[in-house]
């Protein structure tokens, strides 16, 4: 009976969110969490709502609870750690974000978003060589996404390696000419 109720509540939450009834969805998620404080779905969904409302501390608390409730071997565990890292990085808790991204990578080494997030967290800590390594891994896993390439070029400039940034810009011209042009404007390299 509990599984049926939980499935029904999940559907109700999705319908409420579909129609923009975020307050009602938040209330229902609270009810679900009263019945089961470790409900990963309810915690993660409520965290998303907190992020949308720029309540990053509340989102981080819910995501920490998701990570605690989700076994390491579970399919969603790497994504839970990535989401926690994202929220922590956005809120300025960069060292905690780094740890969360590293946990996500440990659980799923091919999670390209975690490599990207770790790269951003390392950039914020001015650890540019490590950031470059992470962004290179991100671009290996997601070669057609311009985001990792863009950040990699910026990191090369921070590392005082404009020739490496120029290589990235040349590469980007092949599939993202607008991003390449933006980097040329921002860096003055590769004009």
Exercise for the section: Scan 60, 97, 104, 68 and give me the residue that is at negative phi, assigned to a helix (DSSP H, G or I) and surrounded by fewer than 21 Cβ atoms within 10 Å (Cβ to Cβ). Expected result: 68
Problem - Residues within the range 31-56 that are assigned to a helix (DSSP H, G or I) and within 16 Å of the chain's Cα centre (by Cα), tallied - result: 9
Practice task
Would you check which residues across the range 147-174 are free of Cβ contacts under 8 Å to residues at least 12 places away in the same chain and assigned to a loop (DSSP other than H, G, I, E, B) and list them?
Solution key: 160, 161, 174
Exercise for the section: Assess whether residue 131 counts as being in a helix (DSSP H, G or I) and under 21 Å from residue 165 (Cβ atoms). Expected result: yes
Problem - Odd one out for residue 160, checked against (1) modelled with pLDDT of 95 or more; (2) at negative phi - result: (2)
Handout entry: Matching option when the condition is within 21 Å of residue 100 (Cβ to Cβ) and either in the same structural domain as residue 102 (by TED's automatic domain parsing) or surrounded by 16 or more Cβ atoms within 10 Å (Cβ to Cβ) (or both), among 179, 168, 155
Key = 155
Practice task
Go through 122, 49 for me and flag whichever is assigned by TED's automatic domain parsing to the domain that holds residue 19 and either surrounded by fewer than 21 Cβ atoms within 10 Å (Cβ to Cβ) or at pLDDT 95 or above (or both).
Solution key: 49
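State whether the residues of the range 6-21 include one that is within 25 Å of residue 117 (Cβ to Cβ) and either crowded, with 16+ Cβ neighbours inside 10 Å or at pLDDT 95 or above (or both).
Narrowing the range 6-21 to residues within 25 Å of residue 117 (Cβ to Cβ): 17.
From what is left, the residues that are either crowded, with 16+ Cβ neighbours inside 10 Å or at pLDDT 95 or above (or both) are 17.
Yes.
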Exercise for the section: State yes or no: is residue 135 in contact with a helix residue (DSSP H, G or I) (Cβ under 6 Å, 6 or more places away or on another chain), under 15 Å from residue 122 (Cα atoms) and not assigned by TED's automatic domain parsing to the domain that holds residue 102? Expected result: yes
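The values are calculated or read from the model by the stated rules, or taken from the named source; none is laboratory data. Just so it is clear, the model here is predicted, and its values are computed rather than measured. Don't worry about glycine lacking a Cβ; one is built from the backbone with ideal geometry, like all the others, and counts go over all protein chains shown.
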